[in-house]
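Okay, structure first, notes after.
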Amino acid sequence: MTYLIAAYTVMWLITFIFVLSMAIRQRRLAAELEALKARLQERQRYGQ
């Protein structure tokens, strides 16, 4: 029974870390996308 609890704990910990890393990556990608949109708008403003 102890191994079962340990296995569930490890699996939940892995799942939590995975979801957390996906959220961090998503935030970084969203910030990069906004920066790219801003650069594109600047280029369009100046006609380049």
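Here are a few things to note about the model shown:
- Residues of the range 14-48 that are hydroxyl-bearing (S, T, Y) and over 9 Å from the mean Cα position of the chain (by Cα): T15, Y46.
- For Y3: the one exception among (1) exposed (fewer than 10 other Cβ atoms within 10 Å of the Cβ); (2) modelled with pLDDT under 95: (2)
The values are calculated or read from the model by the stated rules, or taken from the named source; none is laboratory data. All values reported here derive from a predicted model rather than from experimental measurement. When we count neighbours, we look across all protein chains shown, and the Cβ atoms used for this are built from the backbone with ideal geometry, even at glycine.
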